[in-house]
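Peer 1: Let me give you the structure first, and then I'll get to my questions.
The values are calculated or read from the model by the stated rules, or taken from the named source; none is laboratory data. Keep in mind the model is a prediction, meaning the values are calculated, not measured. Here the Cβ is made from the backbone with ideal geometry for all residues, glycine too, and neighbour counts use every protein chain on show. Areas reflect the complete protein model, heavy atoms only, side chains present, ligands, DNA and RNA absent. Shrake-Rupley method; radii C 1.70, N 1.55, O 1.52, S 1.80 Å.
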Amino acid sequence: MATAPAQDQVAGFLSEQSSFALSLAVGAIVIALYARKRIEEFTRPPKGEEFDFTKMLTMGDIVGRSIFNRSFVLYLIFLEFLYLFMCTAKPVVLLIANDPTGAQAPFQGMAWPFGAALIVVGILPSVPMVAQIEAMLRGLAQRVASIPGEFYARVQRLSRNDIETLVADSPDYRRDMRKFWRIRNLLLSLGFNEDQATLMGRNCIALRLFAGLTIRGERIWSKEEYEKYREIIQVLRPKSDMLENEIETLVSTTLKSPQVREILANSNIEDPAQDLSRETGEKLNRDAEALVRALNDSVDEKDLKAARNYEELVKRWSLLASECETGAKRLSALFAILARNDRETALTIKRGAAPGMLPAAKKPDAVLATLFRLVNDSVPTYPWSNAALLAIGIGFVGCVVPLCIYLYITEVLTQAAKPAVDWGQAIARTDATTIIKSGLITALTVGAMFALTSLIALFLRSLRIEEENWERFTSIWNFPFANYLAIVWWGSLAAFMPLLVSFIIYYYLGPGVNDLDKMTPEIIASDMFFRYILGFVAVAYGISTCIIADFIDEGRTESARYIVYPLIFILTVEVLCLLVNPSYAEQPRAFWHNFVAVACYSLVALKVFQRSFSEIVARSGNSEPREVASREASLVYGGPMI
């Protein structure tokens, strides 16, 4: 007797309606599993010889688990929204194809969700024509999560730190300081100027410092974490040891050079391993230049040979400093990865306990603790992403509250305008629940449109800035149209998705389902076209955020113009999009409903974005991180004129 209800439950569960929900859930799970694997692939992997070892690591190891998980969540949200869009598009597609089941049984059967999931995980990333969509969503998720910018920023803070200043007050690193001064002063005696000599000496000492903390730093890290990188360490060790040996050899060779000894003797310097005054350093430079001129002007074969030997020393030091710079960045990158992932050691260092202490030390290693703080300093690497996300959230609140108030007042006035209806009756007849629901749906639709287009616009701007292919907005009379062509294309497609989803929600959760049944394919297609046109107001918002970012990057202070001109631009586009749509042009309430929603959201979101972006840029000093480029290159590689 008990089997009949069970059979009924199974039959109900496997009914057409339930099978659609079941397949929708299964498809969402499949996409989640796919996203977890796919997000591990960099859209822009770390480039440069200093990062070649990162190919042996996963993205989570390189950037840290928390940042990786953030990018995964964002990527999953993007893919699941795309999947939801494709599933909810079923009735529209069927109605345009003149299939009556589009309205009569839109969400039944298992085939459509499975097909949509197959497109997302199979066709989307593999077919060249549409693979750009997946690559953009993945790149956007990684960029918003600060990948790889946060990794570059950590390495940058380590590699560009004044190492000699960092270790100057630590007795445990006195030997390293003496080596730094020796190298620096020898380079001054070879004709390198003070900046060149300091940077070259810093690179040589940084190589030794980070080699001691990574390749020879097993005592510092937890055994489990260090073992994960042992294979990489074995790969990096030979090159690091070779460079350290080359430094010792070249220091010894330079000290034996008769020309260098003569220059040092002229300044009464017996041991160059000391901090010389600026005047003494300048004298070494002048003596080196005078010696070079004398040797080059001489016709004596002995002097010419000495000039060639002197020049050879200069070239060897230039080449070695360049290799040490790359090596130091490579090891500082490895240190940053270890420090970010070894939570046990990080906690111990924070407490000033054993692993952060030198074997013979009686107090914590202050240098190591400082390096850990540099690694863990939290500075937004892509300020636009933080500002955009904050604007999205606050913009939604700033839209839904005044919109609901506006709709409520409008409905009360409409009821009160009817014959024989007083204000009390008008208020009683006004359904606040329906108004709030309408306001929420509108605010969610506008918020989703503006969120997607602004993130895409700022992401594309960030990529073009990296490629040095972005022309900053300076004036309306010199509008850089080429900047925004890709933004218009991708932004309009992104804005269309929330509009279609809201269309389905309105007709299948609201009272208009019968109207949908009566629509012809031509009417449906026309409605979709005008909804696509309406999405251009979100494109205008995305372009406005780029313009505001350009203003702030240029250091402009006229904050009122940040908001007024972009807001006028957005509202002008909104009015045009509504007027060309017969549904809104003929219905004033619908027109003003959408206009108020867009105006409120734009005003609040633009102000929040401008304030947040400007404050983050002012605090961090830049709006776009750079790969750990060699700003020292122009100072180091040229060398003195021989």
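Peer 1: Under a Cβ-Cβ cut-off of 14 Å, what is the net charge of the residues other than G191 that fall near it, where Lys and Arg count +1 and Asp and Glu count -1?
Peer 2: Around G191, the surrounding residues sum to -2.
Peer 1: While we're here: In whole percent, what relative contact order does the chain give with Cα contacts below 8 Å and a gap of six or more residues?
Peer 2: Here the relative contact order equals 18 percent.
Peer 1: If you scale each eigenvalue of the Cα gyration tensor by 5 and take the root, what three semi-axes come out for region 155-376, rounded to whole angstrom and sorted largest first?
Peer 2: 38, 18, 13
Peer 1: Alpha carbons only, please: Rg and Dmax for region 281-347, in angstrom.
Peer 2: Both quantities, over Cα of region 281-347: 21.2, 66 Å.
Peer 1: Just one of [x] 42.6; [y] 27.3; [z] 29.0 is mean projected area of the Cα convex hull in nm² as worked out from the coordinates here. Which one is it?
Peer 2: [x]
Peer 1: Now for a separate question. Compare the Cα positions of F591, Y229, L567 along the charge dipole of the chain (+1 at Cβ of Lys, Arg; -1 at Cβ of Asp, Glu; about the Cα centre) and return the one farthest towards the positive end.
Peer 2: Of the listed residues, the answer is Y229.
Peer 1: Could you calculate the contour length gain from Y565 to V397, that is, 0.36 nm times the residue separation minus the distance between their Cα atoms, to one decimal place in nm?
Peer 2: Result: 58.2 nm gained on full extension.
Peer 1: Mind computing the radius of gyration and Dmax over the alpha-carbon atoms of region 516-616? Å is fine for both.
Peer 2: Rg and Dmax of region 516-616, Cα atoms, are 16.6, 56 Å.
Peer 1: Something else about it: Leaving out ligands, DNA and RNA, and with a 1.4 Å probe, what % of the accessible surface on region 31-95 is carbon or sulfur?
Peer 2: 63 percent
Peer 1: Quick one: length gained pulling T572 to A21 fully straight, 0.36 nm per residue minus the C-alpha distance?
Peer 2: Net length gain for the segment: 194.2 nm.
Peer 1: Can you pull the accessible area of F114 for me, 1.4 Å probe, Å² to the nearest 10?
Peer 2: Counting only protein heavy atoms, the figure is 90 Å².
Peer 1: Not counting ligands, DNA or RNA, and with a 1.4 Å probe, what is V397's accessible surface area in Å² rounded to the nearest 10?
Peer 2: The value for V397 is about 80 Å².
Peer 1: Then there's this: Once neighbouring chains are kept in place and the probe is 1.4 Å, which whole percent of the accessible area of region 155-376 is contributed by carbon and sulfur?
Peer 2: Looking at region 155-376 in its full context, I get 48 percent from C and S.
Peer 1: Something else now. Subtracting the Cα-Cα distance from 0.36 nm times the residue separation, let me have the gained length for E40 to K350 in nm, one decimal.
Peer 2: Result: 108.6 nm gained on full extension.
Peer 1: Using only protein heavy atoms and a 1.4 Å probe, report how much of E246 is accessible, in Å² to the nearest 10.
Peer 2: 60 Å²
Peer 1: May I pose another question? Sort F529, F85, F335 from largest to smallest accessible area, using a 1.4 Å probe on the heavy atoms of the protein chains.
Peer 2: F529, F85, F335
Peer 1: Can you compute the modelled spin-label distance between D195 and S475, with each label point 7 Å from Cα toward Cβ, in nm?
Peer 2: 3.3 nm
Peer 1: Once the other residues with Cβ under 12 Å from the Cβ of P480 are scored (Lys, Arg +1; Asp, Glu -1), what is the net sum?
Peer 2: For residues surrounding P480, the net value is +1.
Peer 1: Give me the net charge of D342's neighbourhood, meaning all other residues with Cβ under 10 Å from the Cβ of D342; Lys, Arg count +1, Asp, Glu -1.
Peer 2: Around D342, the charge tally is 0.
Peer 1: Then there is this: Can you give me the accessible area per residue for the chain, using a 1.4 Å probe, in Å²?
Peer 2: Heavy-atom accessible area per residue stands at 47 Å².
Peer 1: Normalised by the number of residues in region 155-376, what is the relative contact order in percent for Cα pairs under 8 Å and 6+ residues apart?
Peer 2: 32 percent
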